[in-house]
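Throughout, read-outs are computed from the coordinates displayed, never taken from laboratory work. For clarity, every value in this text was computed on a predicted model and none was experimentally measured. Here the Cβ positions follow ideal geometry from the backbone for every residue, glycine too, while neighbour counts run over all protein chains shown.
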Amino acid sequence: MPRKIIHIDMDCFYAAIEVRDDPSLKGKPVGVGGSSGRGVLTTANYEARKYGCRSAMPVFKAKQLCPEIILTPVRFDAYQEASDQIRAIFARYTDLIQPLSLDEAYLDVSHRTESGAALAQEIRATIFRETRLTASAGIAPNKMIAKVASDWNKPDGQLEVKPEEVDGFMKGLRVAKLQGVGKRGQETLAKMGVETCGDLQRFSKIELAEKLNRWGLELYERCRGRDDREVSVDRTRKSLSKERTFRENIDDVDWLMNVLRSLREEVAEAVERKSDQEIKSRVVKLKFDDFTQTTAEKAGGVMDEASYEELLRLAWSRGEGKPVRLLGVGVKFATEEDQMDLL
């Protein structure tokens, strides 16, 4: 029986909470993040995005694009409270929930008799009624397509791709919509005459492997809408991290440092709420434009900024100047086995 997977993605979550809590901001461009020149935007609402403002953008750049932008400080407690409310709503419909961040999650509702679309509509309506925040949703037989679909009718919309519609949906889907295909990837594929997944399907697996190496093998499956990953429910958290995927690849380590500081603050706030778990090590991950990646790790439980900056420089040096498409910052928690080793 085909699975029913829902991907729920809150609309401009942090900024939406700021506008909800301060109605005077309604209709105005709002950015959440540091107000100093070194700061970066955590997110921006749709009014600010019209000017080109977006997450991970340095604040000075956002002000250049939109001088009227209103900057608000990050309030992690408020965002966590809203996220907890939303996850409690999810739990009314299924136990199979995989949170990806405070503002998005996968839900497996395959066991429910209702249609996925009807459930998504009901969940979104409940979220709005109880939190006054809007959410968008994608409904599909797998996680990959559900995530693509959730971005289709934003904000406050949804799209269902039924099993019998997958082939047609994927053939017309632009490769830019596939997770992992950034600006440089689009340029590479364009040189091959590829703009849509249908174009990409003309290449055999061998041809894609020869032209694009491991990435080609991944694209062979993705462009056909294939994804057998389960909705993962991990009861015991072994790590906690925050990631930022850049719309354009970054080749400036100082820019990455700004983003790193913002992500480290987010992780520190999240860890503070998990005081029952001991931190084993600090971690920084970089994924480069060729989809290779590296992880730098340092033992210790103090989440100081200097340690993370050191890890970023180490990871950056391994890339030998390659542009970066994703930055991750996190911690690993000590397991029971680790603690036994210390006895």
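Worth pointing out:
- Subtracting the Cα-Cα distance of E248 and E68 from 0.36 nm times their residue separation leaves 62.4 nm of extension gain.
- In terms of packing, defined here as the mean over residues of other Cβ atoms within 10 angstrom, the peptides 91-97, 173-179, 4-10 line up highest first as 4-10, 173-179, 91-97.
- Working from Cα pairs under 8 Å separated by at least six residues, relative contact order for region 163-307 is 18 percent.
- Peptide ranges 226-233, 282-289, 244-251 listed from the most packed, as the mean C-beta count within 10 angstrom indicates: 282-289, 244-251, 226-233
- Taking packing as the residue-averaged number of other Cβ atoms within 10 angstrom, the listed peptides 297-303, 42-48 run from highest to lowest as 42-48, 297-303.
- Counted over the chain, the DSSP beta bridges are approximately 90% antiparallel.
- Applying a 4.7 Å cutoff between beta carbons, the unpaired cysteines of the chain are C12, C53, C66.
- Tensor-based shape of region 239-341 (alpha-carbon gyration tensor, a/c under 1.5 rounded, otherwise prolate or oblate): prolate
- Rounded if a/c under 1.5, otherwise prolate or oblate - the chain, Cα gyration tensor axes: rounded
- Reachable lysines, given that their alpha-carbon falls under 18 Å from the alpha-carbon of K4 and they are not under 8 places away in the same chain: K143, K147, K162
- Cα shape, region 117-187, gyration tensor, a/c 1.5 rule: oblate
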